[in-house]
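Here it is, the structure in full.
The values are calculated or read from the model by the stated rules, or taken from the named source; none is laboratory data. These numbers come from a predicted model, not from an experiment. Cβ placement follows ideal geometry from the backbone for every residue including glycine, while neighbour counts extend to all protein chains displayed. Calculation scope for accessible area: heavy atoms of the full protein, side chains included, ligands and nucleic acids excluded. Shrake-Rupley method; radii C 1.70, N 1.55, O 1.52, S 1.80 Å.
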Amino acid sequence: MPKRSLSKNSKILVEVVLCVMAIYNIYKLLITTYDVYEHMVVTLMFALPLTFIMFSSTKKDVNRIPWYDYLLSIIAAVTLADIYLNYSTWFFRRMWLVTPLTTEQIVVGALMIVLMVESVRRTAGMTFTALITAFITYLLLAPYLPGIGFRTNPIRVIEYLYLTPYGIFSTPLEVMSTYVIAFTLLGAAFSMSGTGEFFINLAKASVGRSSGGPAKVSVIASSLFGSVSGSAVANVYATGVFTIPTMKSVGFPPYIAGAVEAVASTGGQIMPPIMGAAAFVMAELLGIHYGKIMIAAVVPAIIYYLGVYVQVHYYSLKRGLRGLPPDQIPNRNEVLKRGWFYFLPIAVLVYIVAMLQWSAISAAFISFFIAVVLGLISRKLGIRQLYQVLVRGVEDALPIIVVGAAAGIVVGAVSYSGLGVKLGYIVSAASFGITALALIYVALITTLLGMGIPTTPAYITAVAVSVPALAYMGLETFPVHFFVFWYAVLGAITPPVALASYAAASLAKADMMKTSIIACKLGFAAFLLPFIIVFKPEILLAYGSYGAMERVWSIFTSLAATYAIATAFEGFIRRNIPLPIRLILMAGGLLLFIPTNMLVDVAMLAFIIVLVTINYIKSQTQ
C-alpha cells in the first residue's frame with residue numbers, strides 16, 4: 001500500500017515519535033547493556049503503531065487517516081505495552097509449550113499475529129502477506145493434513161509464534177531492531193551530509209569522458225553509494241535522479257537508462273561495507289561476525305559490477321554514444337580535495353569491523369557520529385538537518401522492522417512443523433542427488449520469492465526451507481547462505497515485481513516491464529555468479545583454508561568468465577561479433593564457471609583471449 005500523505009500536525013507528531021525512537025536506540029544500543037527481548041518489544045512498540053498511521057490500508061486513504069487506523073494503532077500500542085510489562089514472566093518464567101496459557105496471553109497472541117499480517121500487507125504487499133497467511137493456515141490445519149501434518153492446536157500455534165524465540169521475537173526482528181536501525185541511521189547521515197553528490201562527482205571525473213560516460217557514472221556512483229546504503233531502491237533514488245536524465249541526454253533510450261541504474265543500484269545490497277539487511281540476518285543465522293560476511297562479499301561484488309560495466313561499455317561503443325560534455329566533468333583532484341573526508345567514516349567502519357572485530361553496531365554508531373561531525377564542520381548539516389537525519393534514519397527502518405517481525409512467523413512455522421527437513425528430502429529426491437540440479441531448484445524458489453517480496457523476508461524464507469536440503473546433500477552452509485542471499489537480492493530487478501527496476505523506470509519515464517527485462521539482461525552474469533560461489537567457494541575471502549594461489553586462480557578465472565559472458569551478450573568488441581563466436585565465448589565463460597581442472601581452465605582462457613584478439617585486430621584493419 002502507498003505511504004500516507006500526512007497533515008502538518010500529524011507529520012510533526014510522527015516525526016517527534018520517530019526522533020524519540022532514534023534517540024532511544026542510540027542510547028540503548030551504544031551506551032547501556034540491554035535485554036534483547038525487551039529491546040525487540042520496545043522497538044516493535046514504536047514501529048507497529050506508526051505503521052498503521054504512516055501506511056494507508058487502501059489507495060483511497062492515502063490523504064487521510066480513517067478512524068479504524070487510529071484504533072489499530074492504539075490496539076497495537078496497548079498489546080505491545082502488555083507484552084512489555086509482562087515479558088520477563090511470559091518469556092522466561094514459564095516452560096514453552098508446557099505451561100498453559102492464560103486467557104490474556106491467548107488474546108494478546110492472537111491480536112499480535114493479526115496485527116502483524118495487516119501491517120505486512122501495508123508495507124510489503126500482498127505476496128508476502130499471502131505467504132505468511134499460508135504458513136499460519138498450514139499450522140492451524142496441520143492435524144487434518146495427511147502426510148505433511150502433525151499434532152498441534154491453535155493455542156500451541158499462538159504460543160509458538162509469539163512466546164518462544166522461534167517466532168515473531170526471533171533472529172529476524174533482533175537483527176532489524178539492532179543492526180538495521182544502526183545502519184539506516186548511518187545511511188541517512190551519509191545521504192544528508194552530501195556523500196551521494198560527492199560519489200557522483202567522483203564518478204563523473206573518473207569515467208564521464210568515455211563513450212557512454214553517464215551510464216558508467218551510474219555504475220560507479222551506485223556501487224560507491226551502495227557501499228554505504230545497502231538498499232537497492234534508496235540507491236536508485238539517491239543516484240538515479242542525477243544519472244538517468246544525463247544518460248537520456250546523450251542518447252540512451254529511457255528503458256536502457258532505467259535498467260542500467262536499476263542493476264547498478266541492486267548491487268548495493270552486496271557491496272561492502274554496508275550490505276543489505278539480509279546480510280546481517282545471515283551473520284546471525286550462521287553465528288559469525290559480520291566482518292567475515294563483509295570480507296567474503298568483496299570479490300563477488302567486484303565480479304558483479306565488472307559484468308555490468310563491460311556490457312554498458314560495449315553497448316555504448318556499439319551505438320556510438322558519447323560521453324559527458326567537458327563543461328559537465330569536474331576536475332578529479334578538485335573533487336577529492338573538497339570531499340576526501342567522506343571516505344573517513346567508511347574507512348573507520350571497515351577498520352573497526354574487519355580489523356578490530358568489534359560489534360558492527362558499535363562501528364555503525366561510531367561512523368555515524370563521525371559523519372555527523374564532518375557534516376556539521378562542512379556546513380552540509382545544521383540542527384534542522386540533524387533532526388531530519390534521526391527522523392529519516394528510523395523512518396527508513398520502520399517497514400524493515402515490521403517485515404522482520406513477520407518473517408519470524410515463517411521461521412517459526414518451518415521450525416515448529418519440521419517443514420524444512422521435509423522439503424529437504426523432497427528437493428534431494430527431485431534432484432536425483434545431482435548438486436547442480438538441486439541448486440537450480442533453490443535458485444528458482446528464491447527468485448520466485450524475491451520477485452514478490454523484499455530481499456530480507458525472501459532470504460529468510462528461502463534459507464529456512466532450502467538450507468536443510470542442500471546441507472543434506474553435503475554442501476557447506478556458508479556458501480549456501482551466500483547463494484540464497486544473492487538470488488534474494490536479484491529479486492529487485494526480476495519481473496514481475498522488481499522494486500529497483502520499477503523505481504528506476506518511474507524516474508526514467510519508461511515502461512516498467514521492459515526496464516526490468518533489460519536489467520536482467522545486463523545482470524545476466526550476476527545470475528550465474530551464485531553457482532561460482534558454491535562450486536568455487538575460495539573466491540569468498542576469509543572463508544576456508546584455501547591457499548593463496550588457489551584463491552587467486554579462481555578469482556582470475558571468474559573475472560575472465562564474467563568478461564566473456566558479458567561480451568557475448570552484447571556481441572560487440574569494436575565491431576560486431578558473429579553469432580558463432582558469441583556462442584563460443586558464452587560456452588568458454590560457462591566452462592570457466594564450472595570447477596573442472598587447471599588444463600580446461602587454461603584452454604578456455606587461451607580460447608577467449610584468441611577470439612577477443614582476432615576480433616580486435618579485424619576491427620583495426622577495417
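Which condition number does LEU321 fail, the rest of (1) crowded, with 21+ Cβ neighbours inside 10 Å; (2) closer than 30 Å to ILE565 by Cα; (3) touching a Ser or Thr at 6+ places or on another chain (Cβ under 7 Å); (4) aliphatic (A, V, I, L, M) being met?
(1)
Tell me which of these LEU71 doesn't satisfy, since it passes every other one: (1) out of contact with any helix residue (DSSP H, G or I) (no Cβ under 8 Å at 6 or more places or on another chain); (2) part of a helix (DSSP H, G or I); (3) modelled with pLDDT under 95; (4) not small (Gly, Ala, Ser).
Every listed condition holds for LEU71 apart from (3).
Just the residues that are open to solvent by 60 Å² or more (accessible area, probe 1.4 Å) and either within 16 Å of ALA189 (Cβ to Cβ) or in contact with a strand residue (DSSP E or B) (Cβ under 6 Å, 6 or more places away or on another chain) (or both), please, taken from segment 344-360.
The initial filter retains those residues of segment 344-360 that are open to solvent by 60 Å² or more (accessible area, probe 1.4 Å), namely 344, 351, 355-358.
Within segment 344-360, just LEU344 meets the criteria.
Among the listed residues TYR416, TYR441, which satisfies the condition of being over 25 Å from MET275 (Cβ atoms), in contact (Cβ under 8 Å) with a residue 60 or more places away in the chain and either among the aliphatic types (A, V, I, L, M) or open to solvent by 10 Å² or more (accessible area, probe 1.4 Å) (or both)?
Numbers: TYR441 fails: in contact (Cβ under 8 Å) with a residue 60 or more places away in the chain.
TYR416 is the lone residue from the list that is over 25 Å from MET275 (Cβ atoms), in contact (Cβ under 8 Å) with a residue 60 or more places away in the chain and either among the aliphatic types (A, V, I, L, M) or open to solvent by 10 Å² or more (accessible area, probe 1.4 Å) (or both).
Just for segment 176-198: of the residues that are of a type in the set (Ser, Thr, Tyr) and open to solvent by 10 Å² or more (accessible area, probe 1.4 Å), which one is nearest to CYS19 (Cα to Cα)?
We begin by selecting, within segment 176-198, every residue of a type in the set (Ser, Thr, Tyr); these are 177-179, 184, 191, 193, 195.
From what's left, open to solvent by 10 Å² or more (accessible area, probe 1.4 Å): 179, 184, 191.
Numbers: TYR179: 18, THR184: 13, SER191: 17 Å.
Per the criteria, the residue is THR184.
Mind checking whether some residue in segment 479-490 is over 22 Å from ILE401 (Cα atoms), open to solvent by less than 20 Å² (accessible area, probe 1.4 Å) and free of Cβ contacts under 8 Å to residues at least 60 places away in the same chain?
Within segment 479-490, one or more residues are over 22 Å from ILE401 (Cα atoms), open to solvent by less than 20 Å² (accessible area, probe 1.4 Å) and free of Cβ contacts under 8 Å to residues at least 60 places away in the same chain.
So, in segment 27-71, of the ones that are more than 22 Å from LEU13 (Cβ to Cβ) and within 26 Å of the chain's Cα centre (by Cα), which residue ends up most open to solvent (accessible area, probe 1.4 Å)?
Initial filter on segment 27-71 (more than 22 Å from LEU13 (Cβ to Cβ)): 28-41, 58-60.
Retained after the next criterion (residues that are within 26 Å of the chain's Cα centre (by Cα)): 28-30, 36-37, 39-41.
Values: LYS28: 37, LEU29: 17, LEU30: 64, VAL36: 39, TYR37: 47, HIS39: 0, MET40: 3, VAL41: 1 Å².
Residue satisfying both the conditions and the ranking: LEU30.
Can you go through ARG151, ARG122 and tell me which one is of a type in the set (D, E, K, R), at negative phi and not in a helix (DSSP H, G or I)?
On the way: ARG122 fails: not in a helix (DSSP H, G or I).
ARG151 is the lone residue from the list that is of a type in the set (D, E, K, R), at negative phi and not in a helix (DSSP H, G or I).
Among the listed residues ALA462, ALA471, which satisfies the condition of being touching a Leu at 6+ places or on another chain (Cβ under 6 Å) and either at negative phi or small (Gly, Ala, Ser) (or both)?
Working: ALA471 fails: touching a Leu at 6+ places or on another chain (Cβ under 6 Å).
So the residue among ALA462, ALA471 that is touching a Leu at 6+ places or on another chain (Cβ under 6 Å) and either at negative phi or small (Gly, Ala, Ser) (or both) is ALA462.
Look at SER316 and say whether it is open to solvent by less than 20 Å² (accessible area, probe 1.4 Å), closer than 18 Å to ARG209 by Cα and not charged (D, E, K, R). Walk me through how you get there before you give the answer.
Numbers: open to solvent by less than 20 Å² (accessible area, probe 1.4 Å): yes; closer than 18 Å to ARG209 by Cα: yes; not charged (D, E, K, R): yes.
When the stated conditions are applied, SER316 passes them.
A quick yes/no check of all residues on (1) aromatic (Phe, Trp, Tyr); (2) touching a residue at least 40 places away in the same chain (Cβ under 8 Å); (3) assigned to a helix (DSSP H, G or I):
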{"position": "TYR305", "(1), (2), (3)": "yes, yes, yes"}
{"position": "TYR309", "(1), (2), (3)": "yes, yes, yes"}
{"position": "VAL335", "(1), (2), (3)": "no, yes, yes"}
{"position": "ALA347", "(1), (2), (3)": "no, no, yes"}
{"position": "VAL350", "(1), (2), (3)": "no, yes, yes"}
{"position": "SER362", "(1), (2), (3)": "no, yes, yes"}
{"position": "VAL391", "(1), (2), (3)": "no, yes, yes"}
{"position": "ILE401", "(1), (2), (3)": "no, yes, yes"}
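Is it the case that segment 271-278 has a residue that's over 23 Å from PHE478 (Cα atoms) and at pLDDT 85 or above?
Residues of segment 271-278 over 23 Å from PHE478 (Cα atoms): none.
Looking through segment 271-278, none of the residues is over 23 Å from PHE478 (Cα atoms) and at pLDDT 85 or above.
Here's the yes/no breakdown for (1) of a type in the set (Lys, Arg); (2) in contact with a Lys or Arg (Cβ under 8 Å, 6 or more places away or on another chain); (3) at positive phi; (4) crowded, with 16+ Cβ neighbours inside 10 Å:
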site: SER545; (1), (2), (3), (4): no, no, no, no
site: MET549; (1), (2), (3), (4): no, no, no, no
site: SER558; (1), (2), (3), (4): no, yes, no, yes
site: THR562; (1), (2), (3), (4): no, no, no, yes
site: GLY571; (1), (2), (3), (4): no, yes, yes, yes
site: ASN576; (1), (2), (3), (4): no, yes, no, no
site: ARG582; (1), (2), (3), (4): yes, no, no, yes
site: GLY588; (1), (2), (3), (4): no, no, no, yes
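Continuing with the same structure: Scan segment 361-401 residue by residue and report those that are under 18 Å from VAL281 (Cβ atoms) and either open to solvent by 20 Å² or more (accessible area, probe 1.4 Å) or out of contact with any strand residue (DSSP E or B) (no Cβ under 9 Å at 6 or more places or on another chain) (or both).
Those that are under 18 Å from VAL281 (Cβ atoms) and either open to solvent by 20 Å² or more (accessible area, probe 1.4 Å) or out of contact with any strand residue (DSSP E or B) (no Cβ under 9 Å at 6 or more places or on another chain) (or both): ILE361, ALA363, ALA364, ASP396, ALA397, PRO399, ILE400, ILE401.
Taking segment 254-291, which residues are open to solvent by 10 Å² or more (accessible area, probe 1.4 Å) and of a type in the set (A, V, I, L, M)?
Selection gives ILE256, MET271, ALA277, LEU285, LEU286, ILE288.
To continue, here is another question. Could you please give the count of residues in segment 245-288 that are closer than 18 Å to SER177 by Cβ, aliphatic (A, V, I, L, M) and part of a helix (DSSP H, G or I)?
7
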